[in-house]
Each structure stands twice: as C-alpha cells, then as structure tokens.
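Some notes on the structure that comes next.
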Amino acid sequence: MLGNHASSIVSAISSHAGIGTDSAASVLAMAAPLTMGGIAKALPGGVTASSLNDLLISQKSTILSALPGSLAGLAGIGGIATTASSRGSSTLRKAEAAIPSVSEPQGGMKLWSILAVAGALLIAGAFWFFNHRSPVQDAANTAANAVSTAAGSVSTAASSAFSALGDLFARKLPNGVAINIPKLGIENKLIDFLDSSAPVDDTTWFNFDRLQFDTGKDSLQSPSDAQLDTVSAILKAYPKVHLRIGGYTDNTGSKAANLKLSQDRAETVMKGLIAKGVDPSRLDAKGYGEEHPVGDNSTEAGRQQNRRIAMRVTAK
C-alpha cells in the first residue's frame, strides 16, 4: 500500500516511537485493517478515489499534526491542497470512532499515538494506492492475511509442543475426581510417583511442561492456568503431599538477576496453586537461578531447557 516508501516509513516510525523496526512494521500491519475499516464505515457512499481524496484534502492539517515532519515528507502528503470542509471533519470523527481502542504499552510512546501516526500514513498510502494500483480493500486484506499467517505459525508451534506430550486421557484420582492430562505430561508422572513406594528424596524433580511466562518477567500467561488447575486437583486428592517449587534460568545475564527472576517465578507458581485452594503450609518456593542446568547453555535449545519451573515432593 505504501509503495517503495514502506521501508523508509517503518524506519522513521521506529526512530520516532523508540521501538524496533519489527515492532513498527507490526503496528502498520495491525493498523491497516483497523484504519481502512473505520474509513469504510464512515463513508456512507462507499470508499472511492473521489471520497478518499475529499477526506484527505479536508483533513490535511489534522493528518500533518499527527506526523513528525520526516514522516509527512515520506508519506508525500505535505503537498495536498488545503480545501477543508465541515463534512470532512465530521467524516474523520466517524472514522476515529469506528476504530477500536487499544491498551497502552509500558513506557515509551503511547500506542494510540503510534497508531495515529500509522493511520495517517495509511490514509496517505491509500490515496497513492487508489490512483496507481487497485482498491484499498485488497491492501487491507493483504495486511490482515499477513497478521493471520503469523498468528497461525505461533499457534502451530504451540500445538506441536503440546502434541509431544502425548494424547489426553482421563485419569481418576483417589478422591474420585477425574482430570484430563497428557500421557507424557508432568501430572501423570507425579501421580505415578505418589502411587508408588518410591521414597521421597532430594533429586526427583518433575518439570512443569505447560507454563508460559512473559519474557524476562515473573507473570504467567493465561494458558498456564490449565496446568495449575490439574496440579492443584492432584494435591487436593493427596492431602499429605508437600511440594517444593523450584525456579531455574539459563546463564544469560547477571547471576543476581537470574537468581531473583527464578525466585519470583517459583513464588508466582506457588501463589497460583494457593489461589486454586491448596493449603500454603504444604508448599514452599526456591529460586536456583542458573544452577543445575539440564541443557547446554551454548545453544538456544539448551537454554530453553534450562529456563524451567519444577516441583519436588518433600512429603507424601
């Protein structure tokens, strides 16, 4: 849609907003269907070259005020004629109202400001597109499809990791509750250990396999809730069992920061189980940082193995 200016515009947005070029490109991809969808809803007669041209002309000052000078030059809208109309102003307000609100990221430039910049660029790009190529809807569909493809790739990777744990099956617990768990998952291994005569020791650990943390943080992502549910159900069915939750990291960064992150993450998981109804006296959490690696820290695959949360039975 933005023609051969695309890479320059992405770089300019990245520099102005203080975000990476990949993030800037993602913002443009996200803003495309939102912006053009809002414009389409606001133009009752349909989006045509003429109606979009009128909108650009009437809102030149509004668009330019949202753009740094370098971006206005790249977008090529500095030279649009200045024949404003009240109808244009009303139209833009309708377009703005039709675009959904989004949350603000931590620190840096507000996301709505970035979207305003991206939206203004997309309006200008649409003007060029109408006069040189094909309908705007094609460009919006292309952007939407790109976002959908990326999301599909992430979903496929997550599904592959889950499928490696084996098929789901219902396992009945001593209290009569049945839980659906993967055959090769942590829950099945933990139950087998609890039902066996194997003694409690300091070396038998069970690695959580479906917990997801935000990168570099101790906050759990929502898909992790399912595993907290099943582990808490097991603990309720075995009321004498006590656990230690251990947190581990790879060796990237400082040892002190890694130790703190591992402790914070272990405590987050412990608090999650307590929130599910597990007695706090049965749990404790300890961070080990980069100690006790199970993979090779010189490889990405090994570092990923080392970034983990595990549990050890301390009484049963």
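The values are calculated or read from the model by the stated rules, or taken from the named source; none is laboratory data. What you see is a predicted model, and the numbers here were worked out from it, not measured in a lab. When we count neighbours, we look across all protein chains shown, and the Cβ atoms used for this are built from the backbone with ideal geometry, even at glycine.
I'm trying to understand the selection: among the residues of the stretch 255-271, which are of a type outside the set (A, V, I, L, M, F, W, C) and in contact (Cβ under 8 Å) with a residue 40 or more places away in the chain?
Hits for the stretch 255-271 are D264, R265, E267, T268.
Assess whether A257 counts as being at negative phi, surrounded by 15 or more Cβ atoms within 10 Å (Cβ to Cβ), modelled with pLDDT of 95 or more and in the same structural domain as A198 (by TED's automatic domain parsing).
Spelling it out, it is not the case that A257 is at negative phi, surrounded by 15 or more Cβ atoms within 10 Å (Cβ to Cβ), modelled with pLDDT of 95 or more and in the same structural domain as A198 (by TED's automatic domain parsing).
Does the stretch 204-225 contain any residue that is closer than 26 Å to A164 by Cα, under 24 Å from the mean Cα position of the chain (by Cα), of a type in the set (S, T, Y) and crowded, with 16+ Cβ neighbours inside 10 Å?
Yes; the residues of the stretch 204-225 include at least one that is closer than 26 Å to A164 by Cα, under 24 Å from the mean Cα position of the chain (by Cα), of a type in the set (S, T, Y) and crowded, with 16+ Cβ neighbours inside 10 Å.
Condition first: closer than 23 Å to S222 by Cβ and assigned to a helix (DSSP H, G or I). Now tell me which residues in the stretch 281-316 satisfy that.
Matches in the stretch 281-316: Q304 only.
Would you call Q263 closer than 18 Å to R312 by Cα, in contact with a Leu (Cβ under 8 Å, 6 or more places away or on another chain) and surrounded by 13 or more Cβ atoms within 10 Å (Cβ to Cβ)?
Answer is no for this residue.
What number of residues within the stretch 216-254 are of a type in the set (F, W, Y) and either part of a loop (DSSP other than H, G, I, E, B) or outside the structural domain of L194 (by TED's automatic domain parsing) (or both)?
1
With the structure loaded, tell me whether P174 is without any contact (Cβ under 8 Å) to a residue 12 or more places away in the chain and within 20 Å of T314 (Cα to Cα) or whether it fails that test.
no
Kindly provide the set of residues from the stretch 239-254 that are touching a residue at least 40 places away in the same chain (Cβ under 8 Å), surrounded by fewer than 17 Cβ atoms within 10 Å (Cβ to Cβ) and out of contact with any strand residue (DSSP E or B) (no Cβ under 7 Å at 6 or more places or on another chain), ordered by number.
Of everything in the stretch 239-254, those that are touching a residue at least 40 places away in the same chain (Cβ under 8 Å), surrounded by fewer than 17 Cβ atoms within 10 Å (Cβ to Cβ) and out of contact with any strand residue (DSSP E or B) (no Cβ under 7 Å at 6 or more places or on another chain) turn out to be N251, T252.
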